[in-house]
Every structure is written in structure tokens, then in C-alpha cells.
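The values are calculated or read from the model by the stated rules, or taken from the named source; none is laboratory data. The model shown is predicted, which means the values in this text are computed figures rather than measured ones. As a convention, Cβ positions derive from the backbone with ideal geometry for all residues, glycine included, and neighbour counts pool all protein chains shown.
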Amino acid sequence: MSDDYAKAIPIPGPESVPFWEGAKNHKLMIQKCSDCGHHWFPPSTVCTGCGSRNIEWVASSGKGKIFSFVVFHRLYHKGWDGEIPYAVAVIELEEGARMLSNVIGIPVEEVKCDMAVDVVFEDATDTLTLPKFKPV
Amino acid sequence: MIEPSTHLRDKYALVGAGHSRLGKVPGVSAQGLLEEAMHNALDDAGLTTQDVDGLICRGPDEIYTFHQVMGERLGIDASFSTTLTNGGASQVMGVALAAMAIDAGMASCVLVGYGRDNWSRVHANKENHMRGSGRPQQMYGMEFGPEFGYYGAIAAHGFGAQRHMHDYGTTREQFGAISVAFRNHALNNPDAVMKKPLTMEDYLAGRMIVEPFGLFDCSLQTDAAGAVVVTSTERAKDLRQKPVLIKGFGTGNNTSGWFNYNNMTHTGAIQSGKTAYAMAGLGPEDIDYAQIYDCFTYMVLVQLEDYGFCQKGEGGEFVASGALALDGAMPTNTSGGQLSEAHVEGMLQVVEGVRQLQGIYGPERQVPNAEIGLVSGHGGNTVCESTLILGAA
Ligand SMILES: [Zn+2]
């Protein structure tokens, strides 16, 4: 929420604007196929399940589980100084789509694969909100 | 379902192999190192640049049409040339593509090589050093990663390792067995960068980098290059070295993504291996040694499973059994690999794969009675795999 935000600011591609706009409104937006019902992430212009172009953006429930994770013990970017160790995870949403995020609100030693998590929205700056995940 | 062309089997051969200086080589570009390796490979074959009409190479990925840069520096007009962009899978794929190009009549004698100046780049400035990379961040994407503190190939491969540990009970000690085995090989390789013995205690005491990987799970930052020469087996008869036959090759690219399906525990090596075995008319039981792409320890373990040297999920037990030693069930990375010799994105795995069948080593490094070897390349954002099966002439 400040000007001194030191972490990397994502630069959205044209297809991912709805995701970042949704995050600002505390909604986790993913894509859904209107033909086969498949959900996926990151964004594209065709269904990754069946190839249909008949697709839409929908809000995920934000519930899911940790498919896998790593714990950073080394500093790769100055914005994370003081936050080592931190957990980065591949989250599998209950709709099936997988996305990268952080697991927060739990010591890194307790993070496990298949742990149930729920989305929380972190307002990083006035124009950037990051969806992160907390154990249920 | 694909059916690889078995008519290529044994028709093309590797007739020379070479590498440049390895390790910290300041003041030389990736191109300069690759020239060194390519000249060494040609010398090994008894050929010169005048004999070369094909050039397949890769260097720092941000250099536009790298093969043209190399052609100009070497003075080679090529009837077939290209730069590959499958990351660490490119180099093995380059050998396969050379055979295909010669078979299609596009070239007759192809130089394949890769060079990098990664140690120099990473140590060139603070920003590169902190990111542990000589490549610009833009090459990795500017969203869905860096904002979550996700940096480096180490984290991507770490996800796979973590999931494998969860699904199959694989342990860090088992990863450690890989580091220790390769270091033992490196101690018999005078060119290897790492010269000190490594014990399991040393491995476990290594500082954590990105868990589950510690220092000794990670390959080296290296300035180095490697190259090989590919021509027809017919022509190879008149050349200096005993030719090394290309018996089969394959590729398998899980381009739907590393995070997708179970790709991080069932890699492109499954498809790539299947194709290569089918082309060669061989199976895992026929392989005498393996040179496996080892950017991180886990990738060795999972590829050994995916090539069928042990069952899925049993890679941990397999590597801990001593299988990777020269007298083990599957002597692997006999030069020390990228973990202990030098990291040249799979190119030195090809070079070592060739040399084992040229039979040039003493007993401390030669795999006894080696007739068939498997070489793997892996990379391209963790999802691309290429495989070569080589045979003694
Ligand atoms: Zn669909």
C-alpha cells in the first residue's frame, strides 16, 4: 500500500488483464470453456481442454490445495529481503486450474503438498493486488 | 501414436567430439569458447572447417540467429544451419537434427555445439549475481512468477522434487547419493571443475538454496562449450576415430506445461525414451551407461525412472543402491556431469557419451565393455526432452 513497494510489479500481457482487474476487486478470475466446462490458467484465447474458442472469464471459489511448493532460503530479489524463508507454491484450484502463488499465514516448515488452502487478497500497492493462499 | 523411422538406425555417426576450457574462463565470449570446442571436435575427427556444410548450434539465448554468428566467425557457408531453442534439450536434439538433415540430403557433415559464458555473466554484476542468472528476466516472463518471489530454474525443478518426495517417499539423502556419485566420477576427470571429494555429510551440510534443494543439488555455473561432428557412417570409415553410431533418437516435450497433469513427476523422457528405443530396436535393458541431464539432482532420478532403468517411484532406492558408479547397475554421468564437471546444458553429456564408445579412457573412467549408451537432454522451461542412443561401431 505504499510507494516503497520493492518487489517485482507484474507486467500483464494483453490476455491477462481480466485476471489482474479481478484481483483488484478481490476476485480470483480464471477462464472457463462454455462448450466443455474446462477451467484453466494462465490465460489463453482457446480452451486448453478441447480447443474451443467459446470461452469466458469466471470467478473461482478460491478454494484449492497445494499441488507442490518450494521454500526460498536465498535472496533472489531485494524486495524479499527480510522475508526469507518464504514459500512459493503451485495451487490447484477446486475447478482444476493450477496457478503460482505464495502460501502465507503458516510457518514454512508446516507447508505440505495436498494441504487445503483458500485465497486471500493482498493489496500490494494502490493498483496491484496479489492473490495469495492460506491454509483453511 | 508415432512410429519412428528405423531406416535411420546406424546410418549416421558421431566422428569427433571436443570441449573448450571449462569453468571460470574470463575474457572469452560464449562464441569464442564454442570455436575452441568446435575446432577440438574437428581435430578429433581429422576434419577441418572446410569439410563442414552444416551448422546446428546454440549460445546465449538472447543472441539473434546464433548459428549465423558462429558461421561468420568460423568462415563456414552452410547448406543447412539453424539455432535451437529447446533449452537444455537443444543439444541432444541438435545431433538428431543433424542426422535428419543429412538423411534429407540437406548437408553431409554437420557441426553441432553449444557454448556459454555463464560464470562470467553471473559474476559480471550484482543484479545477475543476486538472480543467479546471466539471462535477462524478460526471457522468463514478467507476470505469474517474479511478483511471488519465484526466480530461477531451481524453483521449477524444486516443485517436481517436492511432489516426487510426497508421492513416492523420495528423500534428500537419495538426492545426495546422486551428487556424491557424480563427484566421484569427476575426481577421475582431470578437466572437471570440482576437484574435492564430496561425502553425504558434506551434501547434507550444504546450505539450503530453494528447498528441497541445497547447494549440492545444483549444477555449476560455467564458462564452457562442447561440440561434436556428425556425418554418414559410410564416410566415417575413412576418418580418424572409431565412429560412434547413432542408433536411435527421440524427443518428448510436455509443452502443455510443467505444472500441468503429472508432468513434473512423469517427464518428457517417457515419450522421448520410447521413441529412441523404438528407433534403435533396443530397450532399457540394453543400455550399458547413461549420460543424464543433471541441472538438479532430482532430474537425474526422475529421468532414470522415465527411461525405464527402474520403476516409477523407485528412483530414490535405485540411485542410493550405488547404481550410478562405474561398476553399478547403470553407470551415469561418468565425467562428473553438470553437478561436478561443468554445466554446458547437455553438450558435455553428448561429448562424454561419444568418448565412452571411442574407448579412449583408462579403467578409472571407462565403463567396462560399453557398447550402447543413452544420452539425455532436458530443458526448455523444464518440459522439453531429447534422447540419443549411441552404439559402438
Ligand atoms: Zn473446452
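Any idea how many residues of segment B:141-151 are touching a helix residue (DSSP H, G or I) at 6+ places or on another chain (Cβ under 7 Å) and surrounded by fewer than 24 Cβ atoms within 10 Å (Cβ to Cβ)? Total satisfying the criteria: 3. Screening B:130, B:93 for residues that are assigned to a helix (DSSP H, G or I) and either touching a Phe, Trp or Tyr at 6+ places or on another chain (Cβ under 6 Å) or surrounded by fewer than 23 Cβ atoms within 10 Å (Cβ to Cβ) (or both) leaves exactly one candidate, B:130.
Filtering B:143, B:127 for residues that are among the charged types (D, E, K, R) and facing chain A (nearest Cβ under 9 Å) leaves a single hit, B:143. For segment A:1-58, a tally of residues being acidic (Asp, Glu) and surrounded by 12 or more Cβ atoms within 10 Å (Cβ to Cβ) returns 3. For first residues located in segment A:20-37 and in contact (Cβ under 8 Å) with a residue 24 or more places away in the chain, partners that are in a loop (DSSP other than H, G, I, E, B) and more than 16 Å from the ligand (Cβ to nearest atom) and lie 6+ apart or on another chain with Cβ distances below 6 Å form the pairs A:20/A:12; A:28/A:60; A:28/A:62; A:30/A:60.
When segment A:40-59 is filtered for residues that are more than 26 Å from residue B:151 (Cα to Cα) and either modelled with pLDDT under 95 or not hydrophobic (A, V, I, L, M, F, W, C) (or both), the ones remaining, listed by number, are A:45, A:49, A:51, A:52, A:53, A:54, A:56. Among what's in segment B:245-272 and is farther than 30 Å from residue B:16 by Cβ and of a type in the set (A, V, I, L, M, F, W, C), pick the residue that is farthest from the other protein chains (Cβ to nearest Cβ). Within segment B:245-272, the match that is farthest from the other protein chains (Cβ to nearest Cβ) is B:270.
The set of residues from segment B:146-162 being modelled with pLDDT under 95 and more than 7 Å from every other protein chain (Cβ to nearest Cβ) comprises just one member, B:153. Would you pick out the residues in segment B:198-210 that are closer than 13 Å to residue B:158 by Cβ and either within 24 Å of the chain's Cα centre (by Cα) or more than 7 Å from chain A (Cβ to nearest Cβ) (or both)? Hits for segment B:198-210 are B:209, B:210.
For residue A:72, indicate whether it is aromatic (Phe, Trp, Tyr) and under 19 Å from residue B:160 (Cα atoms). Taking the combined requirement at face value, the residue satisfies it. The single residue among B:161, B:181, B:186 that is farther than 30 Å from residue B:65 by Cβ, touching a Phe, Trp or Tyr at 6+ places or on another chain (Cβ under 7 Å), among the aliphatic types (A, V, I, L, M) and buried (at least 24 other Cβ atoms within 10 Å of the Cβ) turns out to be B:161. Total residues in segment B:218-235 satisfying the condition of being farther than 13 Å from residue B:99 by Cα and hydrophobic (A, V, I, L, M, F, W, C): the figure is 5.
Scanning segment B:187-215 for residues that are free of Cβ contacts under 8 Å to residues at least 40 places away in the same chain and within 17 Å of residue B:299 (Cβ to Cβ) turns up B:203, B:215. If the condition is being away from every other protein chain (no Cβ under 13 Å) and in contact with an Asp or Glu (Cβ under 8 Å, 6 or more places away or on another chain), then segment A:109-134 contributes only A:134.
Taken over segment B:163-186, the criterion of being more than 14 Å from every other protein chain (Cβ to nearest Cβ) and without any contact (Cβ under 8 Å) to a residue 60 or more places away in the chain is satisfied by B:180 alone.
Between B:120, B:108, the distinction of being more than 12 Å from chain A (Cβ to nearest Cβ), among the polar types (S, T, N, Q), touching a residue at least 40 places away in the same chain (Cβ under 8 Å) and under 30 Å from residue B:46 (Cβ atoms) belongs to B:108 only. Do we have residue B:339 as touching an Asp or Glu at 6+ places or on another chain (Cβ under 6 Å), closer than 17 Å to residue B:186 by Cβ and crowded, with 24+ Cβ neighbours inside 10 Å here? Yes; evaluated as a whole, the condition is true for this residue. Under the condition of being of a type in the set (Gly, Ala, Ser) and either touching a helix residue (DSSP H, G or I) at 6+ places or on another chain (Cβ under 6 Å) or within 7 Å of chain A (Cβ to nearest Cβ) (or both), the residues counted in segment B:131-140 number 2. Please work out if residue B:33 is crowded, with 16+ Cβ neighbours inside 10 Å, touching a residue at least 12 places away in the same chain (Cβ under 8 Å) and under 25 Å from residue B:139 (Cβ atoms). Judged against the criteria, residue B:33 is a match.
Against the numbered list (1) touching a residue at least 60 places away in the same chain (Cβ under 8 Å); (2) more than 14 Å from chain A (Cβ to nearest Cβ); (3) over 20 Å from residue B:331 (Cβ atoms), residue B:218 comes up short only at (2).
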